[in-house]
Each structure stands twice: as structure tokens, then as C-alpha cells.
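Just below is one structure, and these are the notes that go with it.
The values are calculated or read from the model by the stated rules, or taken from the named source; none is laboratory data. What you are looking at is a predicted structure, and each value in this text was computed from that prediction instead of being measured. Methodologically, a virtual Cβ is constructed for each residue, glycine included, from the backbone with ideal geometry; neighbour enumeration extends over all protein chains shown. To get the accessible areas, we keep the full protein, side chains included, count just its heavy atoms, and leave off ligands, DNA and RNA. Shrake-Rupley method; radii C 1.70, N 1.55, O 1.52, S 1.80 Å.
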Amino acid sequence: MQCSRRGCNRPAVIYQRYSGLHLCEKHFIEYIERKVKKELRRQMGVESGDRIAVALSGGKDSSALIYMLNKFFHDRRDLQFVAIAVDEGIKGFRKLTLDNAEKLTNKLNMKLFTYSFAHEFGFTLDDIVSRGFEQAPCTFCGVLRRRVIERKAKELGSTKVFTAHNLDDEVQTIMINYIRGDIERLRRLNMHRIDEFVPRIKPLRSIPEKEIAVYAYLVGLPLLTAHCPYAKLSFRFSVKRMLNEFEMRHPGTKYSLLRGYEHLMELLPPSTEHQRRLLTCERCGEASASKLCKVCEIIARMKMH
Ligand code: SF4
């Protein structure tokens, strides 16, 4: 098949069922990068003097994000980028992606800071799993990793945190919150958290996961085949499968869900003072929705068992 762009007769490397377009390598890379730049402008953009912390796992999404940021901004002397990686302590998996993160940041001449659950909390994710709690490992992992990234980004003096959440991640989160009927969380998902947090930006939010994989392959980033052994145990995994099946049968489902959600958020009244009010965790002093934050709850449960 030939590229659908007018005047281009190069062979297509991808067919987008949702748009009906065939794109060659050059036009596909341009398309992805244009979309990411647009998303950056739409969310908050990059401002002179920014010190941006990029959450880097070493997987395809965060590697592609760092690669693009370097491509877009490498000659901007008024900006600083640092990468933050988190070692949750998942045997046989995380080391592979962290090695990748190290190689990539070395190549791009970017500073990489790696923090571990073991050092920050005194236990690894594998330790948590070994206790046999009924919740899926991702529930603990997400809470702890977010804390490490937020805290370290603040300590490093970052003005913004970039994460590599893609369209699939975003739509899964929206669907999970719809299923749980959690409107407040849905509302929060749409906000750039400014108050006491470093604002969080998701530049890949409108790119499907598969397209990021193709982009990463085309620009020569290493594609790891390793998957987290715990991913399949999560509720998110079931939602992911369901959405992929829908997308297959009804191309464009994921984009429709994202746009529908954004439209809905415009119509919803903003949170009331009461809903927005965050308490302070009585143990660690971090912002929390209850007396004890989720991180301190996990630490307490680990001490009890
Ligand atoms: Fe953590 Fe779940 Fe991701 Fe594995 S799949 S790294 S347990 S959030």
C-alpha cells in the first residue's frame, strides 16, 4: 500500500483503521511528533526556565517520550530535563528496563536519578506480593511509585513532571473510574495538579500504544519484550482487553471515549471546596484525602504482617 498523503508514493508502514489513512515512515513520524507537540501546547506547554522531570521506566513509551523531548528541545539552553526512574523491586523484570533507561539517558546526555522502593520504604513490590494481600500488586505499586516521583521531582526542584501515559492508559483509567462510578477521580484526572503538587503533563496522551511502539521501532529505540509479571492480575488488564476488543471491532472507540470524557468534564460543575479539600497525612505530612495517606497505610500494613 502507498502512503495516503498527497503527492507521496512511498510505501506505507502503518494503516490507521480509525482514520482510514496509510502512512509512510516519514509521514507517520511527522504525524506522531506533530500530535505530541500539539498535546504539549494544549496541556501546559514548556516555558523558559522550566526544569522538567521525566518519569522514565525504560519501556517503549517513556523511551519514546524522552527521545522526542530531546529532539524538540535539545537546543533550548533555557530548559533542563532530568529523568527519574523507579525500581519497584520486581525480580526478573525491572532491571531490564532500568538498564535500557540508563543506556538511553547516557546516549542523550541526560541526567538519570534512580530511586527504589527498598530504599524509600524499606520493602520491595515483591515483598508486598509475598504477603498475599487480596488487592492486586498494581494497586500498591501505583500509589508508591507516584509518591516517589512526586517527592523526588519536588526535591530536584522540578517545575513540571512529564509522564508517558498514552491514549490506551488514559482511556483505561477513564473507563475504570466510570465502572467504579468515581466522578471525583474522573474530575481530578482532567486537572493539571498545581496546588501543592508539581504539575503533571502527559504529552503522549492522545497517541495509541501501538503507534508509540511503531514510532519507537522506526526511530531505532530498543523494544523490550519483557512484561511486568503482575500486570495480568490487575483490574486494568481486564479493562485493557475489553477496550482492545472494542477498538478492533469498532475502530476509533478509544478516541471517542477520550473526546466524550473531555466534553463531559466541560459540562460538569467544578469540584466544590469540600470535594477539593485535601487533608494532611498525620504520619508523613503529605497531602491526603484521609487522616492517613495511602502510602502510610501500605507501610502500616507491611509492618503488621
Ligand atoms: Fe507496577 Fe502493575 Fe506496572 Fe507491574 S504492571 S510495574 S505491578 S503498576
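Out of the residues in region 20-32 meeting the condition of being under 17 Å from residue 215 (Cα atoms) and surrounded by fewer than 16 Cβ atoms within 10 Å (Cβ to Cβ), tell me which one is farthest from the chain's Cα centre (by Cα). Top of the filtered list is 26. Close contacts from region 216-227, counting a first residue that is within 16 Å of the ligand (Cβ to nearest atom) and a second that is open to solvent by less than 80 Å² (accessible area, probe 1.4 Å) and basic (Lys, Arg), with Cβ to Cβ under 8 Å and a gap of 6+ residues or different chains, come to 224/60.
For region 254-283, taking the residues that are in contact with a Lys or Arg (Cβ under 9 Å, 6 or more places away or on another chain) and open to solvent by less than 80 Å² (accessible area, probe 1.4 Å), the one that is modelled with the highest pLDDT is identified as 258.
The set of residues from region 69-97 being away from the ligand (no atom under 13 Å from the Cβ), in a loop (DSSP other than H, G, I, E, B) and open to solvent by 50 Å² or more (accessible area, probe 1.4 Å) comprises 74, 75, 76, 77, 78. Against the condition among the hydroxyl-bearing types (Ser, Thr, Tyr), closer than 28 Å to residue 189 by Cα, in contact (Cβ under 8 Å) with a residue 60 or more places away in the chain and out of contact with any His (no Cβ under 9 Å at 6 or more places or on another chain), how does residue 48 come out, does it pass? When the stated conditions are applied, residue 48 does not pass them.
Restricting attention to region 187-215 and to residues that are away from the ligand (no atom under 16 Å from the Cβ), under 23 Å from residue 53 (Cα atoms) and acidic (Asp, Glu), the residue that is modelled with the highest pLDDT turns out to be 196. For region 149-172, a residue qualifies if it is among the acidic types (Asp, Glu) and either part of a strand (DSSP E or B) or within 28 Å of residue 213 (Cβ to Cβ) (or both), and the qualifying residues are 150, 168, 169, 170.
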